[in-house]
1. When you scan segment 246-259, how many residues do you find that are surrounded by fewer than 21 Cβ atoms within 10 Å (Cβ to Cβ) and either near the ligand (Cβ under 9 Å from one of its atoms) or of a type in the set (D, E, K, R) (or both)?
2. Taking segment 132-168, which residues are within 13 Å of the ligand (Cβ to nearest atom), within 24 Å of the chain's Cα centre (by Cα) and at positive phi?
3. Of all the residues that make up segment 441-494, how many are in a loop (DSSP other than H, G, I, E, B), within 13 Å of H380 (Cβ to Cβ) and not polar (S, T, N, Q)?
4. Would you mention how many residues in segment 386-420 are open to solvent by 50 Å² or more (accessible area, probe 1.4 Å), part of a loop (DSSP other than H, G, I, E, B) and in contact with a helix residue (DSSP H, G or I) (Cβ under 9 Å, 6 or more places away or on another chain)?
5. Kindly evaluate Q220 against the criterion of being out of contact with any Leu (no Cβ under 9 Å at 6 or more places or on another chain), farther than 30 Å from L312 by Cβ, in contact (Cβ under 8 Å) with a residue 40 or more places away in the chain and more than 12 Å from the ligand (Cβ to nearest atom).
6. Given the options I102, I53, I31, I74, name the one that is β-branched (V, I, T) and touching a Pro at 6+ places or on another chain (Cβ under 7 Å).
7. Here is a check on your reading of the model: is T225 within 16 Å of the ligand (Cβ to nearest atom), more than 23 Å from the chain's Cα centre (by Cα), at negative phi and open to solvent by 30 Å² or more (accessible area, probe 1.4 Å)?
8. Given the criteria open to solvent by 10 Å² or more (accessible area, probe 1.4 Å) and of a type in the set (A, V, I, L, M), does L383 qualify?
Amino acid sequence: MTNHAVVIAGGGPTGLMLAGELALARVDVAIVERRANQDLPGSRAGGLHSRTIEVLDQRGIADRFLTQGKVMQIVGIATTPLDISDFPTRHAYGLALWQEGIERILAAWVDELGVPIHRGREVTGFVQDDTGVDVELGGGGALRAEYLVGCDGGRSLIRKRAGIEFPGWDPSVSYLIAEVEMTGEPELGIRRGDRGINGLGRLEDGKRVRAVLIEQHVMQGEEPTLDDLRAALIAVYGTDYGVHNVTWLSRFTDMARQAASYRERRVLLAGDAAHVHSPAGGQGLNIGVQDAVNLGWKLAQVVHGTSPESLLDTYQAERHPIGARVLRSTMAQTALNRGDERTQALRETMAELLSMDEPRKRTAAMMSGLDIRYDLGAGHPLLGRRMPDLDLLTADGSRRVFTLLHEARPVLVNLGEPGALDIAPWADRVKRVDVRYAGAWEIPVLGAVAAPTAVLIRPDGHVAWVGDGTDQGLRDALTTWFGPPTQKGEAPITSR
Ligand SMILES: Cc1cc2nc3c(=O)[nH]c(=O)nc-3n(C[C@H](O)[C@H](O)[C@H](O)COP(=O)(O)OP(=O)(O)OC[C@H]3O[C@@H](n4cnc5c(N)ncnc54)[C@H](O)[C@@H]3O)c2cc1C
C-alpha cells in the first residue's frame, strides 16, 4: 500500500489548489481523480472574483490566469451590476475565464510542484483509525494517508461515507444548461420567466449557442435528454430553433446545502463537497479555492507536528460562516430573479439601494470576497482581514506584500525600529522582514485604518496579529497559529 501524508479525493479547482498549497509546505500529497484528464465536457464556472485573483497573486501565479482570460467588472446581484473599480486592491475587477482554463492552469502548477495525480482512478471508500486512513480505489488498490480530504464535488462520496450531515434547502427551480447548434435564429440575451432567468448566448466560435433554460417542473439527478431540452426551449421561446449537435447538456438547481461539519477526525471536506448552491453570482469555484488556501497551511503544520490537531478546528470555524453567507446570498438572488411584478418591484427597490455607495461597497465586497474577516477577537480592524498588497521598502529594495507570501510561509512584517520584535524561537517557521512604508492603509468597505507598527501575516494572507508599538500579544499569536516556541538547544520544530 502506498503511503502519503495527505490524499485528496478529486482534482477539480479545490483539490488542485489544496494540493499546490500542501506541496509548497513540503507535504507529501497525492490526488486521486476520476477523470482521465483535465477536460471538462462543457463550460461551468465562468470566472474568478477579485479575492481569488489576490490569493493566486499571493502564490505568484495570478498572471498565468490574467493572460488567459478577460479582465472585467463581473460582480452583480439580480442583474444589477456592481462596479468595484474604486476598491483598494491591485485587482479591482474580476476575470472572465472558463473553468476548464482555470483547471488547466492549476493542474500545470501542481505538476510543476511534483504532486502525483492518480488519473482515471476513483476513491470508492475509506476506513480511518487513530493514526491514518486507508483509502480504497476502484479497480483494486489502496492508499494509506494520515489525512484524507474530500474535494470530490457536490455529490461527495467522502462526505457521505464520513457520515457528515448535509442540511439545507431542496431545489425550488431546475435549469438545463447546454451547448448546441440551432438551425433557426435564436433570440440572444436574457428572457425572464416566472421562476427566473433564461438565457441564450453565442459561444466563442460564433456558431454554437450556450443555453440556460428553466424547466417546467423541478427535476433532479437523472441525465437530461434532447427531448427535455426541446421542451424547455418551446416552453420559453415557443420554438426549439431546430436545436441539434448537442455537445453538452446538463442540469443544475438552486439546491442549497452545507456540510454540518467540515471534519470528521482525519477526514476533511472542501469546496463543493462542503457546500452546494445556485451558480447565481458565480461563487462556488471561488470559495472552494479559498477553502483550500485556508486549510492547506493548517493541515501542513499538523502533518509536520508543528501545531496540534486542534488547529484544524479553526478551518471549520473560519470557513463555515463564509459558505453559509454564500448560500444565503444565492438564495436571495434566486428569489430576486423571479419574473412576477412584485419581485420586479423588489428588484427595483434593491437596485435603488445598491446605487448608493455604502450598500454597493458592502455587497460587492462580500461577493468579491474582499471583505472576509475571520473572527480572531477584538482589536485593530486589520485583525483577521486580508493583508493589503502594499509596496514595501526592504533592505533588498521594493517588495510587494504578496511577493513575501509566495512560499506560503508566515511573515512578520516589522514597520517599526529595524531589528525590533524578537521572534527567534519561531525563526525556523516565521520569516521576519524589516520594512518601511509611508503610504495609506486602506481596506475595502472600511476605508482608511490606522497604520500599525507590525503585522503578523498567515500563509493565507490574513492578519493574525497587529502591533501598536509594543510586542504585546505577539508570542500568543505566534503560538496559536504557528506552534509552540523552540526552546534553546532544541532542534527546530520543522526538522523533527
Ligand atoms: C452552470 C454552472 C455555472 C457555474 N458558474 C460559476 C461561476 O461563474 N463562478 C464560480 O465560482 N462557480 C461557478 N459554478 C460552480 C463551480 O463549477 C463549482 O463550485 C466548482 O467546480 C467546485 O469545484 P470543486 O473542485 O470543489 O468540485 P468539482 O469541480 O465538482 O470537482 C470535483 C472533482 O472530483 C472528482 N471526483 C468526484 N468523485 C470522485 C471520487 N470518488 N474519486 C475521485 N475523484 C472524484 C470529479 O471528477 C471532479 O474532477 C458553476 C457551476 C455550474 C453548474
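The values are calculated or read from the model by the stated rules, or taken from the named source; none is laboratory data. None of the values given here were measured: they were computed from a predicted structure. Note that each Cβ is placed from the backbone with ideal geometry, even for glycine, and that neighbours are counted across all protein chains shown. Side chains included, ligands, DNA and RNA excluded: accessible areas come from the protein's heavy atoms. Shrake-Rupley method; radii C 1.70, N 1.55, O 1.52, S 1.80 Å.
1. Going through segment 246-259 one residue at a time, the tally reaches 4.
2. G153
3. 9
4. Selection size over segment 386-420: 3.
5. Working: out of contact with any Leu (no Cβ under 9 Å at 6 or more places or on another chain): yes; farther than 30 Å from L312 by Cβ: yes; in contact (Cβ under 8 Å) with a residue 40 or more places away in the chain: yes; more than 12 Å from the ligand (Cβ to nearest atom): yes.
So Q220 fits the description; yes.
6. Matching residue, one of I102, I53, I31, I74: I102.
7. In short, no.
8. Considered against the rule, which asks whether it is open to solvent by 10 Å² or more (accessible area, probe 1.4 Å) and of a type in the set (A, V, I, L, M), L383 comes out as yes.
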